Every structure is written in C-alpha cells, then in structure tokens.
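*Asks:* Would you mind keeping the following structure in view while I ask a few things?
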Amino acid sequence: MLKFFAARLFQAIPVLFVVITATFFLVHSAPGGPFDAEKTLPAEVLDNLNARYNLDDPLYKQYLSYMGNLVQGDFGPSFRYSNRSVTEMILTGLPITFELALYAMLIALIIGVSAGIVASIKPNTAQDYIPMSLAMAGICMPSFLMGPLLVLIFGISLDWLPVSGWGYAPGDKILPAITLGTGYAAYIARLTRGGMIEVLGQDYIRTAKAKGLPTPTIIYRHALRGGLAPVLAFLGPAFAGLLAGSFVVETIFQIPGLGRFYVQAAFNRDYTMILGTTILLSTLIVVFNILSDILTVWLNPRLTLKD
Amino acid sequence: MSLLDVSALNIDFNTREGVINAVNSVSFTVDRGETLGIVGESGSGKTVCCNALMRLLPTPPAAIKGRAVFDGVDLLTSSESRLRSIRGRRIGMIFQDPMTALNPFMRIGQQIMEPLQLHYKTPKELARKKTLAILQEVGIDKPEQRLDCYAHELSGGMRQRVMIAMALITEPDLLIADEPTTALDVTTQAQILALLNELQQRRNIAMIFISHDLHVIKKIATRVLVLQKGCMVEQGRCAQVFAAPQHDYTKSLLDAIPKGKKPTRYRHEQPLAPNFLSITNASISFPAKPTPNLAVKDVSLSIARGEILGLVGESGCGKTSLAQSLVRLVDLEQGEIKLKNKSLTSLNEKQLRLARKDMQMIFQDPFASLNPRMSIFEIIAEPLKLHGLATTKRSLNEKVLALMCEVGLEANWAHQYPHQFSGGQRQRVAIARAIAVEPQLIIADEPVSALDVTIQAQILKLLLDLCWQYSISMIFISHDLAVVRYVADRIAVMQKGQIVELGNTEALLTNPQHSYTKTLLAARLS
Amino acid sequence: MTTTQLKNTHSNSDYGSYSLWREASYRLKKNTMAMLGFWTLLALFAIAACTPWLAPYAYENQNLALGASPPSAQHLLGTDIHGRDLLTRLMYGSRVSLLVGFAATAVSLVIGILWGTIAGYIGGRIDAVMMRIVDILYALPFMIFIILLMVVFGRSFLLLFLAIGLVEWLTMARIVRAQVLSVRKQEYIDAAIVTGLAHWQIIYRHVMPNILGPVIVYITLTIPSVILLESFLSFLGLGIQPPQSSWGVLISRGVESMEEYPWLLIFPGLTLSITLFSLNFLGDGLRDALDPRTAKN
C-alpha cells in the first residue's frame, strides 16, 4: 500500500509541476502589477519595490529563482504584506481551513450517510421522499445563502451561537462547519441512497435475510461496504470542493483561513501568495484523491492496487 | 404431522398493470428424510413460492395468503423475531447463482460462521472449528486456506459448496434449494447433486428442491410437484409422475425434452459439398498477466454446405471464443478461416462488413442481444436496409412482416419493444434478424439454453426448418448433449481450448474415444 | 412471462415510423410534472429572450430618492436600495444566468460526450490514457483556476462560461465513458457488428440511445450547479457586477439586506428554486420517457 501511495505521488509530481508553471506564467502575464493600487507611489519608489522583489528581472529568471526557492520549501515573501513571508501566512491559515474542512466533511458524512440509508430502506415511500427532498433543497441552496440564514436564525434571533470568528468564543466553529457541510451532506445522501438501493437489491442481501439476520445487522455488516463505494469515490473531489467552498464561508464568518487569504491575494495581485496557495491546495487535493482511491480499493477485495 | 405443511398458498403482485396472480392455491407437505422437487417453467411461481415461505418477498407489492406451518409455527403470520429465529437456524436456503448470493466483500469463513454466531452465540474458536469441519464435509480440500478467501477467488462449484456449508452449519431441519445447479457445468452439477443427496440422507433432513430441469428433479426428488403459471397441476411420487404423468402439461413437459436422434427428415441423404467453411490451425489468446490466456489452441475444422456441427464443452473451454472468431468478433492470433474458399481473416474493415451478409450469429441471452430501445420492426429492418435488400419503404415493410411470419411472430407486434416479449419470442426476433440477410452460415451460441423446455423444442424445430429450407450451415454451440444430439450432424468436443474429439453424432455418442467425452457422457442425467 | 400489448394507437401499417423519439415525446406528454417543468423552463426562456422589449424599466435606471421599496403597482417586485426595479433586474439576470447555465453545460456536453464515447468505445490503451488525463485534471483545484482566470483576464462573460464548461466536462466524460463501457459489453452491440454496421453507425444507432438516460439526468444536475457556480463567483465579487445582474448577484445582494428588505432575497431565490426544480422534474421525466421499459400502459 505504501508503495502504491508513493508511486501515485511520484506520478503526481509532473502534474504539480505543470500546475505551478502554468499558474506562475498566468499570474505574471496578467495586466497590472501588485503595486498598482498604490497609485500615489512615485516612480522611483515603484522601481525600488520592483527591484526588491526582482520584478524587473526577465520572466524566465524570476521563474527559475522561484522554482529554486520552492524546492527548498520557501514560497517567497508576500508582495502585499512586506514583513511576512508566504510560508508564514500559509502556516497560520492552513490549519484553520483544514480544520473547517474536516468538521464540514464529518458533518456531511454523518448527516448524508444516515439520511441516505434511511431513504434507501424503504424507497419510494415518505421515508424516502422527505429526506431526499431536503437533500435536493440542500444541493440547490448556495452556501452564501445558507450561511446568512443560519446566522439570522441561530446567531441573531435565537442568540445561541456566535456569528463570526474561529476559536475566539465557544461554539463559533459550529455555524461555519454546518454551512460548508450541508451542500455535501445532501450530495452524499443522494450517493448513499443510490448505492444502498443497488446493493440492497443484490442476491447476497437475500442470503443474509435467509440466515435470519435482523435488518440493522444486514445493513451494517453486509450492505454498507458495497453501498458506500460511490461515497468513497466522491470523497476526493468532495475535499477539493470543500477547500474551494471554504472561500465563501470564511468570508461570511470572517475566519482568517487560507481561503480568505487567497481571495484577498487574488484581488491584490499578490503573486507569491496566489502561487503559494495554489500549489499547496493542488498538492492537498492530489493527496486526498490518492487516499480516496486507496480507500476504495482497500474496502473492495475484488480490486487490487495497481497503477 | 408433517415438518412443513403449506396449505392454500396464494400470492398476488400489485403492479401498475394491475394485480398479477403468481401463485394460486398451492398446498404441499414435506417430511424429514424426503426431498420434494418443485418443477415448472420460468414464471410458474416456484421461486416466488419458496421465497414467500421464508418471507423474503417484499410486501407490498406482494400479497400473501394461506398457511405455512413449520413445526407448529405459521411462517406467514409469525412475528418478525420468531421468524428470524427460524430462518438460518432451522431452515437453510441455497440459491441459484453462488457468485451473486455470496457477499463479495466478506471472507467466506466469516460468512459461513455468521449463522452460528447469530443463533447460538458460538464463541469464535468453536465456530471456526465447526466451519472447518463442515467445509470438509461438503468436499472442499484445504479448508484452512479457503476460510480467508473471497467468493471471487473460488470456482463456481466451490462457491456452491460454500453456500451449502453455510446453509447446513446450524444443522437445520429443512433445506430449501432454489435451482442450485443451474449455473454450473454438467460435471459440476452431477457432483453437487450427489453431495446434496448424500447430505440429506446422512442428516435425515427435509429438502425442497426447485428446478426447471426435469432430469435434475428425477435424479434427486422423492416426491415431485409440478407448477404451471402458479397453479399446481400434478403432485406425486417421483417415479410415478415420470413413468405415468396424469396431467397434459406434465406430459408436454416430458415430451418437450429432446430425446433420441436427429429426425430423419432433416438428415441429408447425399454427401454434402465439403469445405464450405474451413478453419485451419486457429489460435486465440487474451491478454492477461503474467502470461496471455490461450483460449483456443490450434483448432482445425471444416463444415459442408447445409451441415450442422454441434460444438460442446464446459464453460471456459473456448467454444464461444472460437465461435466469435468465425464472425470476426474476436481476431485470431494464428490460423486462417475460409468461407467458400475465400479467406475471412485477411479482409479489411469495409470488405468484412460486406462479407457479414453471408454469416450471422444468434446469441445465448435473448434479453441482452436485442437493443432495448429499438422496436422489433427496427431490429429486423436494420440488416435489410444496411445490405440494400429492401430499397423502398413498402418492400421493407413487406419483407419485415414476411420474416416475422416465418419465425412465428404476429404482425401487429412489430412496433413493440423487446422487454414486452417472453424469452422465446425474443429469440424468434433474434432469429428473424439473423436470417434477414439470407446468410449461408449461422453461428448459434447456446441459442436455447436460456429458454424453457417447451419453448426450447419450438426454437430447435424452427432452426432445423430454416437450415433445411435454405441449406444454411450452422455451428450450434451447447453444453446440453441431448439438444446437440437432436440437432447436429456432427459433434466436436472441446476441452481447454482444443478439440479433443470430432465425429458423426451417433457414432461419437455411442462410442466415445476420448476420456473427456466419456466424463461428459457420464455426467449426463438422462 | 406476460406479454403486455401496447395499445395500437397508430392504426396504419407503417411500423417503421415508430421511432424512439416519437414514443418518448408521447410518453413525456403524459408525465404531468415533467411537462410542467418543461413549460416553466420554456416560459423562463421566452421571458429572458424578450427582456429588452418586455422589461418595465431600463436595467441601469436608478431612483435614489425612492430607495428600497416593497412590491407595489409601479414596481411589481419592489425596488432595491438604489431604487432599481427588481423585476427588471431579475429579468436581465435571467438572461445571464440561463445563458451561463446552458452554454457552459453545452460546452461540457460536447467535449464530455466525444471524449467519453471515444474512450469507452475503443477501450484498451487509448481508454487508459484518455481517462488518466481526466483523472489528473480532476485532481486539480479548478475553482482556484477559475478565480485566477477571472482575476487575471477580467470579468469576461465568454471566459466565464468557457472556464466553467471546461471544468464540468470532466464529470460528463466519466459518466459517458462508464455508460458506453457497460453498453459496449452488451450482446446487442456484438449483434450489430455481426449485422455489418460500421462503428459510427453502431455508436449512433445502438450506443447513444442507450446512454442518454444518465446523460440527461446529469445535464439537469449540471445546469443548476453551473448557475450556482456563477452565483458563487458573483458573491466573491468575481462574476457579473452591478448594474448588470444575474440571479447570483441578486441573491447575494438580497442576503446582505434580508432583514430590512426581505423581498430582495425572496423573489430571486424563488426564481432560482423554481428553475432548479423544473429542471429536476424534466430531467427525471425525460429519462423515464426515453426508456421503453418504464412505459406505463
């Protein structure tokens, strides 16, 4: 398994290389520079700034020096916040975003899988229609609508939970995690229902019934492994989606995570910050996709790990 | 008082098209030490009946009435928990296809000991011991190694042995076996039947054995129950029913079994023009690791115009690969195929498409070989249009209707879709499609093995008629020696990719030379 | 096996005219919910197409003195804080949202079907390579790229749906390929080859009709997700900007002031929901209609 993981990671290196290169040139080919916003800057100050960040070098030189630093784990200084390095900022933002995504994923899995199972036991009855209609509504409800609604209900009207921040007040992590998780909960519920209905129709479930097993045992011991296969395959892409979705949630709840940094960096044309975040997120997503693949194979004895 | 007493069992299905009666007032009893065979064609309600006894049918749509008293408990009305204490503990079940009936995600050891742990709370070590013992009893060698296998790692026969072990581990009083040998090869079938017979005798248990195959029932049952469209038409001691059937339906079932030689009116008097189709040194292999899997090894054959060659062998022997290579669905690795002395193997894509007019194929599963989204008319019209055999709309209409008439389909069915037909009717559509282009060669791959016996007889007659009338050569693939004997002029026996014996039908069957042919003939139940 | 006979509604003897599409449209018409969805979508399209002539006001018209006002006879759905007529903005917003939704889905459909069909039908090494490419692209953080593109090249409309379309085709290709693979294994494809059909004929006549169901369902899921993606970008300030509008812009603005001026959220939200539900019902209806096996007699 480790060998497989390493092999897949090794395969991912050229992909990441292309991503980094493409992002680098994309960002640098954009009209406007990082210091455009400060229009009042005199020409020589601007030149000085550009010289300090080597922005006056030819592009290929900038690229080479950037790649050189990157290999050593240095993402370079932030153009925007002159006294902070990108590595530093990522290190403060990443754990927060990661934690948010993890909680959201947990919520999505718990709600989604249980709703899907409930719906799949008696398909085409109220027990199916009600959770699935809620799921459809959940998919249709964008997080930038969900977030403020939750804030309005639980934060302002009922005054149960804090409405912003991350780790400043007890319970302030609940609303952001729910906001981010619900859309995926709905999607996972649909996937679970589909997978479970298919598995519950299989002959080996009839065998399990004929053995005298009670329904919960049948579901837990015989159906779940096959039925959750589509959910497992979705975990990788879901994680990518959660990271991207954190941009909105972090903005709504004023959470100082990576997503918020990224959006700000994009507006500020903070090249090194954009590059750093993109590289980091790409790597994370690649890793999670590989983990998702491994999990799928590991849980299905008919598949073997091969590239 | 019998162990199981079923009376006036009635099962309806509520569907969108209204209520369909699947089982109509069926009554029977089973006692310890005897085997009740339930026989009937597809849709006769035999499986539904037994699933209803174990309450494995979802209700709704099913509505079950009647009584089924097992050792004092009415299975149909008892509480769910009472029923669960009977299922798997006192009544065991075996299903048709062990591949799908075993959980692919669970090791077989775990699956076998599950009923023990559930019903008797047997500790793990003891359960393991008992599992090893029963695996030995059902004839699995090296049981310690098999415990940790998954279903897909075993052969078909082994899987069915595992199913049997799983059903018997709690030492039930009644065993229900639903077509347990249908998915198996003939030689394996013979072994499994012998095993079931022996186990039933030794443990003195009651058994209900469901099958569509009269030979199998005759071999294993003490008493037999004949079902037709959900109704019980005959019940009695096995030997008696087979020797002197009372009901017309039972008679027609027995008559439909192909018996004896090829009818003389289909036999050619004069020697036929030889080498119509010739295969020389054909080999086929499929890519596999670590070594390519050689499916057909160095096979040579030739067929005369109008001749029917039977190709027999067990699953995986390469007969289907060989057949598919004849119509170039798979490519030969080596060797050559010549039709009318013209090489088929060297044709390019375009020439091949034209050449296909002369050779057609009929597939085993008429549910899979018809496009579900095309009407019967479109299916039969497609080859006609493609090969320019009908140029105007009018002539196309006429030709399609004529073909439908020829294979025994009614004209007003033309705009219906395949799912609306029964297996036999679908196979007629497939035959109409094949003969539409007036081919000279037909490859028929198990064309009747998915069909009921009465339908099987009709389709065989249709094929014989058509081949005779248009002097079509046919390669008829089957695992069923009785069918092949009825149809073929010559028989080729295949084993592990090679033809081990080839000869005139009667000569080969009465005086087999090769040991494998002898094994096959010995496994024959009739 | 019971043979249920279809009612012979067409009494002429021209059986060849019983095409899949005619049957499907016949069945679709009997499905009330699907037809409701269909007519709702059609009406939305018609309104969006005719907006320049139908809209009660010009979209950039402001009436700062009026400010945000609840629905009234002059402004049927009320006005926003700049005194802009909500109905007008919603109608113009439909043009953007529907165009983005359908155009981007069309882009993904064309690429996805071509890619998936080729990979699934040919199979073998070509399939492996093609799907590996999809896997690799799938693993990339596309949302980040879209944001990047919007930042770098400005908020171009064309770029927006091209970018979204280029992302969405990946899933489409995977679904199509999986379907083609399973259809490819069916015996009726072998039967078609033996009949002598060329590969393009087999794809067109036998493969395509049999993969349509899941593809249509996926289309009806993609369109909403694309509309939402545009809203998402607009929310971050990277999509369409006022005074131009889209449903996403209107909803995100509505959210900001939902306590004081709830109608600014309710009407755009309602329009989006109706569209998504219509698509859902039409999609399910189409899938059923295209499958002769689910026909109700």
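*Asks:* Within region A:158-199, how many residues are open to solvent by 50 Å² or more (accessible area, probe 1.4 Å) and closer than 30 Å to B:GLN96 by Cα?
*Replies:* 3
*Asks:* Anything in region A:209-262 that is surrounded by 20 or more Cβ atoms within 10 Å (Cβ to Cβ), more than 14 Å from chain C (Cβ to nearest Cβ) and of a type in the set (Lys, Arg)? List them, or say none.
*Replies:* Matches in region A:209-262: A:LYS209, A:LYS211.
*Asks:* Quick test for you: out of C:ALA128, C:ALA178, C:ALA191, C:ALA106, pick the one residue that is surrounded by 20 or more Cβ atoms within 10 Å (Cβ to Cβ), in a helix (DSSP H, G or I) and of a type outside the set (Phe, Trp, Tyr).
*Replies:* Result of the check over C:ALA128, C:ALA178, C:ALA191, C:ALA106: C:ALA191.
*Asks:* Another question about this same structure. Quick check, is C:LEU264 in contact with a Cys (Cβ under 6 Å, 6 or more places away or on another chain) and either of a type in the set (S, T, N, Q) or in a helix (DSSP H, G or I) (or both)?
*Replies:* no
*Asks:* Where in region A:72-157 are there helices (runs of 4 or more DSSP H), lying wholly inside it, with at least 1 residues that are in contact (Cβ under 8 Å) with a residue 40 or more places away in the chain, within 11 Å of chain C (Cβ to nearest Cβ) and aliphatic (A, V, I, L, M)?
*Replies:* Because the criterion is at least 1 residues that are in contact (Cβ under 8 Å) with a residue 40 or more places away in the chain, within 11 Å of chain C (Cβ to nearest Cβ) and aliphatic (A, V, I, L, M), the helices (runs of 4 or more DSSP H) in region A:72-157 that meet it are A:126-140.
*Asks:* Got at least one residue in region A:186-201 being within 27 Å of C:VAL249 (Cβ to Cβ) and either within 13 Å of another protein chain (Cβ to nearest Cβ) or not small (Gly, Ala, Ser) (or both)?
*Replies:* Yes; the residues of region A:186-201 include at least one that is within 27 Å of C:VAL249 (Cβ to Cβ) and either within 13 Å of another protein chain (Cβ to nearest Cβ) or not small (Gly, Ala, Ser) (or both).
*Asks:* What do you reckon, is B:LEU301 among the hydrophobic types (A, V, I, L, M, F, W, C), more than 27 Å from B:THR182 (Cα to Cα), surrounded by 18 or more Cβ atoms within 10 Å (Cβ to Cβ) and in contact (Cβ under 8 Å) with a residue 40 or more places away in the chain?
*Replies:* Yes.
*Asks:* Please go through region C:254-268 and give me each residue that is buried (at least 22 other Cβ atoms within 10 Å of the Cβ), at pLDDT 80 or above and within 12 Å of chain A (Cβ to nearest Cβ), ordered by number.
*Replies:* Those that are buried (at least 22 other Cβ atoms within 10 Å of the Cβ), at pLDDT 80 or above and within 12 Å of chain A (Cβ to nearest Cβ): C:GLY254, C:LEU265, C:PRO268.
*Asks:* Pick from region C:109-124 the residues that are in a helix (DSSP H, G or I) and small (Gly, Ala, Ser): which of them is most open to solvent (accessible area, probe 1.4 Å)?
*Replies:* Only one residue tops the list, namely C:GLY124.
*Asks:* Ok, one more. What are the residues in region C:27-41 that are farther than 21 Å from C:SER245 by Cα and not hydroxyl-bearing (Ser, Thr, Tyr), if any?
*Replies:* Those that are farther than 21 Å from C:SER245 by Cα and not hydroxyl-bearing (Ser, Thr, Tyr): C:ARG27, C:LEU28, C:LYS29, C:LYS30, C:ASN31, C:MET33, C:ALA34, C:MET35, C:LEU36, C:GLY37, C:PHE38, C:TRP39.
*Asks:* Something else now. Working carefully through the options B:PRO172, B:PRO115, find the one that is of a type outside the set (Gly, Ala, Ser), part of a loop (DSSP other than H, G, I, E, B) and either within 13 Å of chain A (Cβ to nearest Cβ) or within 17 Å of B:ILE192 (Cα to Cα) (or both).
*Replies:* Testing whether each residue is of a type outside the set (Gly, Ala, Ser), part of a loop (DSSP other than H, G, I, E, B) and either within 13 Å of chain A (Cβ to nearest Cβ) or within 17 Å of B:ILE192 (Cα to Cα) (or both) leaves just B:PRO172.
*Asks:* For region B:439-449, does any single residue satisfy the condition of being open to solvent by 30 Å² or more (accessible area, probe 1.4 Å), touching a residue at least 40 places away in the same chain (Cβ under 8 Å) and of a type outside the set (S, T, N, Q)?
*Replies:* Step one: of region B:439-449, the residues open to solvent by 30 Å² or more (accessible area, probe 1.4 Å) are B:440, B:449.
Of the ones still in play, those that are also touching a residue at least 40 places away in the same chain (Cβ under 8 Å) are B:440, B:449.
Among the residues that remain, those that are also of a type outside the set (S, T, N, Q) are: none.
The answer is no, given that none of the residues of region B:439-449 is open to solvent by 30 Å² or more (accessible area, probe 1.4 Å), touching a residue at least 40 places away in the same chain (Cβ under 8 Å) and of a type outside the set (S, T, N, Q).
*Asks:* Filter region C:27-50 down to the residues that are surrounded by 14 or more Cβ atoms within 10 Å (Cβ to Cβ) and more than 21 Å from C:ILE223 (Cα to Cα) and list them by number.
*Replies:* Hits for region C:27-50 are C:ARG27, C:ASN31.
*Asks:* Sticking with this structure for a sec: Does region C:54-76 hold any residues that are part of a loop (DSSP other than H, G, I, E, B) and hydrophobic (A, V, I, L, M, F, W, C), and which are they?
*Replies:* C:ALA55, C:ALA58, C:LEU64, C:ALA65, C:LEU66, C:ALA68, C:ALA73, C:LEU76
*Asks:* Moving on. Could you look through region B:350-375, keep only residues that are among the charged types (D, E, K, R) and more than 8 Å from chain C (Cβ to nearest Cβ), and pick out the one that is farthest from B:GLY388 (Cα to Cα)?
*Replies:* So, considering only residues that are among the charged types (D, E, K, R) and more than 8 Å from chain C (Cβ to nearest Cβ), the one farthest from B:GLY388 (Cα to Cα) is B:LYS350.
*Asks:* Which of the residues belonging to region B:46-61 are open to solvent by less than 10 Å² (accessible area, probe 1.4 Å) and out of contact with any helix residue (DSSP H, G or I) (no Cβ under 7 Å at 6 or more places or on another chain)?
*Replies:* Going residue by residue through region B:46-61, those that are open to solvent by less than 10 Å² (accessible area, probe 1.4 Å) are B:49-50, B:52-54.
Matches in region B:46-61: B:CYS49, B:CYS50, B:ALA52, B:LEU53.
*Asks:* Here's something else I'd like to know. Please give the number of the condition C:ARG95 fails out of (1) open to solvent by 50 Å² or more (accessible area, probe 1.4 Å); (2) touching a helix residue (DSSP H, G or I) at 6+ places or on another chain (Cβ under 6 Å); (3) modelled with pLDDT under 85.
*Replies:* It is condition (3) that C:ARG95 fails.
*Asks:* Further, regarding this structure: So, in region B:278-301, exactly how many residues are closer than 23 Å to B:LEU466 by Cβ and in contact with a Phe, Trp or Tyr (Cβ under 8 Å, 6 or more places away or on another chain)?
*Replies:* Residues in region B:278-301 being closer than 23 Å to B:LEU466 by Cβ and in contact with a Phe, Trp or Tyr (Cβ under 8 Å, 6 or more places away or on another chain): 0 in total.
*Asks:* Out of the residues in region A:87-126 that are more than 23 Å from A:PRO176 (Cα to Cα) and in contact with a Pro (Cβ under 7 Å, 6 or more places away or on another chain), which is most open to solvent (accessible area, probe 1.4 Å)?
*Replies:* The selected residue is A:VAL118.
*Asks:* Turning to a different aspect of this structure: Being under 24 Å from B:LEU254 (Cβ atoms), open to solvent by less than 30 Å² (accessible area, probe 1.4 Å) and either within 17 Å of the chain's Cα centre (by Cα) or modelled with pLDDT of 85 or more (or both) narrows it down to one of B:LEU168, B:LEU195, B:LEU199, B:LEU227, so name that one. Full working, then the answer.
*Replies:* Details: B:LEU168 fails: under 24 Å from B:LEU254 (Cβ atoms); B:LEU195 fails: under 24 Å from B:LEU254 (Cβ atoms); B:LEU199 fails: under 24 Å from B:LEU254 (Cβ atoms).
On inspection, the qualifying residue turns out to be B:LEU227.
*Asks:* List pairs: first residue in region A:11-22 and at the interface with chain C (Cβ under 9 Å from one of its Cβ atoms) and closer than 12 Å to C:ILE136 by Cβ, second residue open to solvent by less than 30 Å² (accessible area, probe 1.4 Å) and assigned to a helix (DSSP H, G or I) anywhere in the structure, Cβ distance under 6 angstrom, at least six positions apart or on different chains.
*Replies:* Listed by first residue and then by second, the contacts come to A:ALA12/A:VAL286; A:VAL19/A:SER282.
*Asks:* Going residue by residue through region C:227-242, is there one that turns out to be of a type in the set (S, T, N, Q), assigned to a helix (DSSP H, G or I) and open to solvent by 30 Å² or more (accessible area, probe 1.4 Å)?
*Replies:* Step one: filter region C:227-242 for residues of a type in the set (S, T, N, Q), giving C:231, C:234, C:241.
If we keep only those that are assigned to a helix (DSSP H, G or I) too, we end up with C:231, C:234.
From what's left, open to solvent by 30 Å² or more (accessible area, probe 1.4 Å): none.
Looking for residues that are of a type in the set (S, T, N, Q), assigned to a helix (DSSP H, G or I) and open to solvent by 30 Å² or more (accessible area, probe 1.4 Å), one finds none in region C:227-242, hence no.
*Asks:* Can you tell me which residue within region B:399-425, out of those that are at pLDDT 90 or above and within 11 Å of another protein chain (Cβ to nearest Cβ), is surrounded by the most Cβ atoms within 10 Å (Cβ to Cβ)?
*Replies:* B:VAL400
*Asks:* Taking region A:127-153 as the search range and keeping residues that are of a type in the set (Val, Ile, Thr) and over 20 Å from A:ILE174 (Cβ atoms), which one is most open to solvent (accessible area, probe 1.4 Å)?
*Replies:* A:ILE130
*Asks:* Next question, about the same structure. If I ask for residues that are crowded, with 18+ Cβ neighbours inside 10 Å and either under 19 Å from the mean Cα position of the chain (by Cα) or part of a helix (DSSP H, G or I) (or both), which ones from region B:495-524 would you list?
*Replies:* B:THR505, B:LEU508, B:LEU509, B:TYR516, B:THR517, B:LEU520
*Asks:* Looking at (1) in contact with a Phe, Trp or Tyr (Cβ under 7 Å, 6 or more places away or on another chain); (2) surrounded by 23 or more Cβ atoms within 10 Å (Cβ to Cβ); (3) within 12 Å of another protein chain (Cβ to nearest Cβ), which one does C:VAL167 not meet, given that it meets all the others?
*Replies:* Condition (2) is where C:VAL167 drops out.
*Asks:* Which count do you get for residues in region B:181-202 that are hydroxyl-bearing (Ser, Thr, Tyr) and in contact with a strand residue (DSSP E or B) (Cβ under 6 Å, 6 or more places away or on another chain)?
*Replies:* First pass over region B:181-202, keeping only residues hydroxyl-bearing (Ser, Thr, Tyr): B:181-182, B:187-188.
Among the residues that remain, those that are also in contact with a strand residue (DSSP E or B) (Cβ under 6 Å, 6 or more places away or on another chain) are: none.
Selection size over region B:181-202: 0.
The values are calculated or read from the model by the stated rules, or taken from the named source; none is laboratory data. Computed from a predicted model, the values in this text were never measured in an experiment. Methodologically, a virtual Cβ is constructed for each residue, glycine included, from the backbone with ideal geometry; neighbour enumeration extends over all protein chains shown. Side chains included, ligands, DNA and RNA excluded: accessible areas come from the protein's heavy atoms. Shrake-Rupley method; radii C 1.70, N 1.55, O 1.52, S 1.80 Å.
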